[in-house]
Amino acid sequence: MTDNIAVGPPAPDAPLPTDGYVGDPAVRAEWDNRYADRQQLWSGRPNGALVAEVAGLPAGRVLDVGCGEGADAVWLARAGWEVTALEVSGVALERAAGHARDAGVTVRWVHAALTEAALPPASFDLVSAQYPALLRTPDAAAERALLAAVAPGGVLLLVHHAGMDTHQAHDSGFDAADYVWPSMVAALFDDDWEVEVDEQRPRPAPDGGAGAHHTDDLVLRARRLR
């Protein structure tokens with residue numbers, strides 16, 4: 001999930017998220033509770049890997065998967081991207097919409113799980129998934145939804161915390177086997193895809209926020225050729 005906040009003039013016409021949530025109510029409740037437990041969950045800054053990998057890309061249509069409190073969405077909108085931001089937590093979306101208003105940018109908010117969102121296929125020049133909590137299914141539904149959203153010529157950028165994919169289940173309830181990791185997405189690439197980056201590298205450390213203790217990223221960037 002992504003981060004929080006940017007400050008600027010108000011934009012009264014910026015759309016607010018609605019409550020037409022599409023997805024598993026238990027997943028929504030889990031993330032709503034996590035966000036409600038803190039006034040601000042993430043650092044408030046755009047993710048460093050996103051900033052680095054988007055440099056040089058022409059602004060177009062972007063899907064921000066798991067937008068959290070909106071830092072990436074706001075940063076992308078300020079950079080000229082037409083942003084659709086997807087999130088399961090209504091609490092997070094309300095915060096994100098407020099930050100977009102404060103920043104004077106417009107973002108289209110989608111309150112849904114990725115696999116239930118009915119996004120227009122092959123319609124985004126960039127699909128960004130920064131540390132997403134995508135649940136693994138036997139039919140690889142989340143992985144296929146990521147690929148399906150990218151337009152021909154567009155880029156998929158998937159970033160995750162290095163090492164988490166090998167963690168064993170523990171008392172907190174986290175089990176790496178329940179989630180989608182970059183290697184699972186890469187395994188679905190065919191001749192329609194060209195991998196541009198597939199590496200582990202040091203993570204630009206955020207100043208505070210959940211997850212700040214992670215030191216390395218797995219970065220997967222691939223272009224859809226056709």
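The values are calculated or read from the model by the stated rules, or taken from the named source; none is laboratory data. What you see is a predicted model, and the numbers here were worked out from it, not measured in a lab. Cβ atoms come from the backbone with ideal geometry, glycine included; neighbour counts cover every protein chain shown. Just so you know, the surface numbers come from the protein's heavy atoms only, side chains and all, with ligands and any DNA or RNA stripped out. Shrake-Rupley method; radii C 1.70, N 1.55, O 1.52, S 1.80 Å.
Computed from phi, the 3J(HN,Hα) profile of the stretch 139-147 under the Karplus parametrisation 6.51, -1.76, 1.60 (θ = phi - 60°) reads 8, 6, 4, 5, 4, 5, 5, 4, 5 Hz, with x in place of Gly and Pro.
Annotation: amide H of W109 within the under-5 Å range of A85, sequence separation 5 or more or interchain, hydrogens built in the peptide plane.
Accessible area of the stretch 27-143 with a 1.4 Å probe: how many percent of it is carbon plus sulfur?
Working: 2170 of 4530 Å².
C and S atoms contribute 48 percent here.
With the Kirkwood sum run over all distinct C-alpha pairs, the stretch 60-194 has a hydrodynamic radius of 15.5 Å.
Database remark: amide H of R136 closer than 5 angstrom to the amide H of Y179, V180 (H placed geometrically; neighbours at sequence offset of 5 or more, or on other chains; Pro and chain starts carry no H). Between L188 and V27, the distance separating the two model label sites (each 7 Å from Cα on the Cα→Cβ line) works out to 1.3 nm. Summarising the label geometry, the points placed 7 Å from Cα in the beta-carbon direction at L135 and R78 lie 3.5 nm from one another.
What the Cβ-Cβ distance of A177 and L225 gives, at R0 = 30 Å and to the nearest 0.05, is a FRET efficiency of 0.40. In this structure the stretch 29-141 gives 39 Å² per residue of accessible area when probed at 1.4 Å with all protein chains present.
Which length gain, in nm to one decimal place, applies between A52 and Q40 when the Cα-Cα distance is subtracted from 0.36 nm times their residue separation? Display every interim value, and only then the final one.
On the way: separation 12, 0.36 × 12 = 4.32 nm, distance 2.43 nm.
Full extension of this stretch gives 1.9 nm more.
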